[in-house]
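Here the structure is laid out as structure tokens; the discussion comes afterwards.
The values are calculated or read from the model by the stated rules, or taken from the named source; none is laboratory data. Since this is a predicted model, take the numbers as computed values, not measurements. Quick reminder, even Gly has a Cβ in these numbers, built from the backbone with ideal geometry, and neighbours come from all protein chains shown. All accessible areas refer to the heavy atoms of the entire protein, side chains included, with ligands and DNA or RNA removed. Shrake-Rupley method; radii C 1.70, N 1.55, O 1.52, S 1.80 Å.
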Amino acid sequence: MNYQLLHERLVYDHVFQIKKAKIKHDLFNAGSMEVERYCFERGDSVAIVIYEKDTDCLLFTKQFRYPTIKEGDGWILELTAGSIEAHEDPEHRVKMEVEEEIGYQLNGLDFISSFFVSPGGSSERVFLFYTEVNSSDNIFKGGGLITEKEDIQLVKMPVQEVRKHIKNNQFRDAKTIIGIQWFMGHYL
């Protein structure tokens with residue numbers, strides 16, 4: 001199967017970008033087709049499942065997310081996560097996000113997977129990691145960066161409560177659901 005990018009142009013550029021492209025691609029049953037498509041250029045991101053061993057809790061962030069207001073009040077529980085800058089190492093970025101958002105120092109990381117969030121219209125790819133900490137590893141302030149207008153709360157949730165939340169569809173963020181399901185499959 002082949003494709004050809006015939007034309008691509010930037011149609012929006014403010015914080016994020018939107019590109020419009022004309023593409024010609026092969027069809028499964030022979031022949032080819034020309035289509036126009038848009039791509040929300042979100043860039044790559046990192047996220048991490050953090051298990052606090054001495055409290056038997058998973059660590060989450062709680063913050064306001066404008067796109068979620070159509071379903072509730074806008075505050076949502078998520079894994080610690082953040083955007084990767086151009087040419088930045090995902091492992092370095094995830095350690096910085098954990099320090100900035102929830103105040104923990106990480107000693108080791110395990111890579112879980114990378115995946116596209118919504119490949120039908122977005123370029124965003126998430127690099128998902130796992131680590132274990134103790135409550136004594138919480139040595140930084142956390143809460144997010146004022147320069148990025150972040151207001152983030154650390155939420156420690158016992159693993160048994162996480163199981164109830166996932167069963168009752170109380171987590172609404174895809175990377176968080178993927179991370180929790182991975183954790184439950186590997187550690188419970």
Identity of the residue in the stretch 69-81, in contact (Cβ under 8 Å) with a residue 60 or more places away in the chain and under 18 Å from Glu101 (Cβ atoms), that ends up most open to solvent (accessible area, probe 1.4 Å):
Leu77
Condition broken by Gln4, with the remaining ones in (1) outside any strand (DSSP E or B); (2) of a type in the set (S, T, N, Q); (3) in contact with a strand residue (DSSP E or B) (Cβ under 7 Å, 6 or more places away or on another chain) satisfied:
(1)
Report yes if Tyr66 is closer than 24 Å to His165 by Cβ, open to solvent by less than 80 Å² (accessible area, probe 1.4 Å) and either under 19 Å from the mean Cα position of the chain (by Cα) or touching a residue at least 60 places away in the same chain (Cβ under 8 Å) (or both), otherwise no.
no
Checking Trp182 against (1) among the aromatic types (Phe, Trp, Tyr); (2) touching a helix residue (DSSP H, G or I) at 6+ places or on another chain (Cβ under 8 Å); (3) part of a helix (DSSP H, G or I), the condition it does not meet:
(2)
Could you identify the single residue in Lys62, Lys53, Lys70 that is under 28 Å from Tyr187 (Cβ atoms) and modelled with pLDDT under 95?
Lys62
Restricting the stretch 81-134 to residues that are touching a Ser or Thr at 6+ places or on another chain (Cβ under 8 Å) and of a type in the set (Asp, Glu), the residue that is farthest from Leu59 (Cα to Cα):
Glu124
Selection from the stretch 9-27 of residues that are acidic (Asp, Glu) and loosely packed, with under 13 Cβ neighbours inside 10 Å
Asp13
Of (1) among the aliphatic types (A, V, I, L, M); (2) surrounded by 13 or more Cβ atoms within 10 Å (Cβ to Cβ); (3) without any contact (Cβ under 8 Å) to a residue 40 or more places away in the chain, Ile84 satisfies every one except (3)
Per-region count, the stretch 87-130, residues within 14 Å of the chain's Cα centre (by Cα), among the β-branched types (Val, Ile, Thr) and open to solvent by less than 60 Å² (accessible area, probe 1.4 Å):
4
Might you let me know whether the stretch 140-163 holds any residue that is closer than 12 Å to Ile48 by Cα and either out of contact with any helix residue (DSSP H, G or I) (no Cβ under 8 Å at 6 or more places or on another chain) or free of Cβ contacts under 8 Å to residues at least 24 places away in the same chain (or both)?
no
If a residue counts only when it is under 14 Å from Phe129 (Cα atoms) and touching a strand residue (DSSP E or B) at 6+ places or on another chain (Cβ under 8 Å), which strands (runs of 3 or more DSSP E) contained entirely in the stretch 56-109 have at least 2 such residues?
57-64, 80-83
Just a yes or no: is a residue in the stretch 28-39 open to solvent by less than 60 Å² (accessible area, probe 1.4 Å), assigned to a strand (DSSP E or B), modelled with pLDDT under 95 and in contact with a Ser or Thr (Cβ under 9 Å, 6 or more places away or on another chain)?
no
By residue number, the members of the stretch 1-26 that are at pLDDT 95 or above and of a type in the set (A, V, I, L, M, F, W, C) are Leu5, Leu6, Leu10, Val11, Ile18, Ala21, Ile23
